[in-house]
Amino acid sequence: MSAYDLSGRVVIITGATRGIGRGIAHHLGRLGARVVITGRKPERLDAAVAELVALDIEHLAVAGDVADRDGNLALVDQVVQHFGRLDGIVANAQSFRPVTALEAVTEADLDLLFSTGPKATLWLMQAAHPHFVAAGRGRIVTMGTGMGITGAPGYGPYGASNEAIRSLTRTAAREWGRQGITVNCVLPASAQHRLAPDGSDPSREAAFAAMYKDHPIGRDGDPEADIAPAVAFLLSDASQYVTGQTMMVDGGGVMRA
């Protein structure tokens with residue numbers, strides 16, 4: 001069995017109904033993993049399930065809000081009851097806010113981003129932890145943004161919340177490493193799916209254009225072809241000596257800072 005093989009592994013991917021989460025679910029499923037996808041909107045979850053069925057990927061779909069701590073505990077319990085095991089989690093889901101100057105950021109903006117970002121990530125990690133300890137092995141992949149490193153204008157609360165996720169990642173890696181659990185953070189560049197199809201968000205479109213104006217590769221990352229393979233590596237046995245790390249999967253975009 002190859003160290004990169006994910007056959008039979010059970011992985012939870014939050015926010016997997018579109019964008020990066022959807023791409024990760026498809027890629028992991030093609031590698032033989034049994035994927036658990038979550039989402040808040042039933043119609044999107046149904047559409048995602050139809051795609052997984054068409055791809056003949058073994059799956060479980062669970063509706064829920066990542067910010068709900070009890071909901072995360074119930075999710076993991078449901079997964080273990082259904083599949084008999086849990087091998088990895090990808091904490092991908094987080095709500096987003098419009099591009100906003102720092103002086104205009106509200107308490108509601110911060111509350112939403114921190115509740116669905118670092119707090120939700122921690123709740124899922126806590127829920128999975130005892131199952132990983134019992135198995136003597138676990139893989140945790142968190143998701144962040146390079147905007148927290150570069151200080152991208154207009155993304156202050158989003159960047160700050162994602163830097164908190166990176167901090168939690170490092171702490172979990174230190175505390176849980178000897179329990180067979182690795183914890184790493186992926187910082188992707190894949191934003192095309194966040195643009196309004198009707199052109200109704202010119203501020204975000206301008207920020208997107210600026211992002212790739214001086215980009216080494218010069219294009220957006222594809223969720224399945226570009227981002228998901230890095231996540232798959234961090235979920236596999238091939239990454240057993242990699243923990244507490246931030247992996248930039250952004251086509252070199254961070255070098256512009």
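Every number here is computed from the coordinates shown, using simple stated rules; none is lab data. Everything numeric in this text was worked out from a predicted model, so none of it was measured. Here Cβ is always computed from backbone atoms with ideal geometry, including for glycine, and neighbour counts include all displayed protein chains.
A few points about this structure:
- Alpha-carbon Debye profile of region 33-123, log10 I(q)/I(0) at 0.19, 0.23 Å⁻¹: -0.94, -1.21
- Local charge for VAL133 was computed over the other residues whose Cβ lies under 14 Å away, with Lys and Arg +1 and Asp and Glu -1, and equals +2.
- Cα-Cα separations in region 117-257 greater than 24 Å, expressed as whole percent: 35
- The helix-only estimate of mean residue ellipticity at 222 nm for the chain, built from DSSP H runs of length n ≥ 4 each weighted as -39500 (n - 2.57), is -13000 deg cm²/dmol after division by the residue total.
- With distances taken between every two different alpha-carbon atoms, region 207-257 has a Kirkwood hydrodynamic radius of 12.4 Å.
- Cleavage-rule hits (trypsin sites (Lys or Arg not before Pro)) in region 200-257: DSSP loop, at most 14 neighbouring Cβ within 10 angstrom: ARG219
- Cα-based equivalent ellipsoid, region 66-189: semi-axes from gyration tensor eigenvalues, Å: 29, 16, 10
- Viscosity 0.890 mPa s, 25 °C: Kirkwood-radius Stokes-Einstein D of the chain over Cα pairs, µm²/s: 134
- For the chain, the dipole from Cβ point charges (+1 on Lys and Arg, -1 on Asp and Glu) about the Cα centre works out to 580 debye, to the nearest 20.
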